[in-house]
1. Based on alpha-carbon positions alone, could you give the equivalent ellipsoid semi-axes of the range 49-108 from the gyration tensor, as √(5λ), descending, whole Å?
2. Which residue, 75, 61, 23, has the most motion in a Gaussian network model of the chain that connects Cα atoms within less than 10 Å?
3. Residue by residue through the range 47-53, which ³J(HN,Hα) values in whole Hz follow from phi under the Karplus form 6.51 cos²θ - 1.76 cosθ + 1.60 (θ = phi - 60°), with glycine and proline marked x?
4. Counting only heavy atoms of the protein chains, get the accessible area per residue of the chain (1.4 Å probe) and round it to a whole Å² value.
5. If the only charges are +1 at each Lys and Arg Cβ and -1 at each Asp and Glu Cβ, what is the size of the charge dipole of the range 42-82 around the Cα centre, to the nearest 20 debye?
6. Give the carbon-plus-sulfur fraction of the accessible surface of the chain in %, rounded to a whole number; probe 1.4 Å, heavy atoms of protein chains only.
7. Report, to one decimal in Å, the Kirkwood hydrodynamic radius for the chain based on all distinct Cα pairs.
8. Using alpha-carbon pairs under 8 Å, 6+ residues apart, how would you state the relative contact order of the range 8-114 in percent?
Amino acid sequence: QVQLVESGGGLVQPGGSLRLSCAASGTSLRIYAVYWYLQAPGKQRELVATISSDSSSTNYAQSAKGRFAISRDNAKNTVYLQMNSLKPEDTAVYYCNVPRLGLWGQGTLVTVSS
């Protein structure tokens, strides 16, 4: 069974950091671009960051630039989202996505609150 599993979410204070992981099973992520999305309560899902298959290209939403970093370890079949200087407005469920496979994870909740 092909699936993506996100982990690393939790409760963090404003200004704190979290690293999210997206691990794949049943397929290799090696040849695929991977995206991270967030969905805040009551809002539509929005793109946060993307990474190409070989890590040569990354892109970020304006709100994530300078604070978030997407990376991947193809040997571990895992993509990461390092999130720093977190703000309450970053509170959301974060999902990873492989567009070419139409594959989504179940999401991991990030709550930024004091």
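1. Gyration-tensor ellipsoid for the range 49-108: 20, 15, 11 Å.
2. 75
3. In residue order, the calculated couplings are 6, 10, 7, 9, 9, 6, 4 Hz.
4. With the other protein chains kept in place, the chain gives 52 Å² per residue.
5. Here the size comes out at about 180 debye.
6. Summing carbon and sulfur atoms, their accessible area is 47 percent of the total for the chain.
7. 13.9
8. So the answer I get is 37 percent.
The values are calculated or read from the model by the stated rules, or taken from the named source; none is laboratory data. From a predicted model like this one, the values you see are computed outputs, not experimental measurements. Glycine gets a Cβ as well: all are built from the backbone with ideal geometry, and neighbour counts include every protein chain shown. The accessibility values were calculated without ligands, DNA or RNA, using every heavy atom of the protein model including side chains. Shrake-Rupley method; radii C 1.70, N 1.55, O 1.52, S 1.80 Å.
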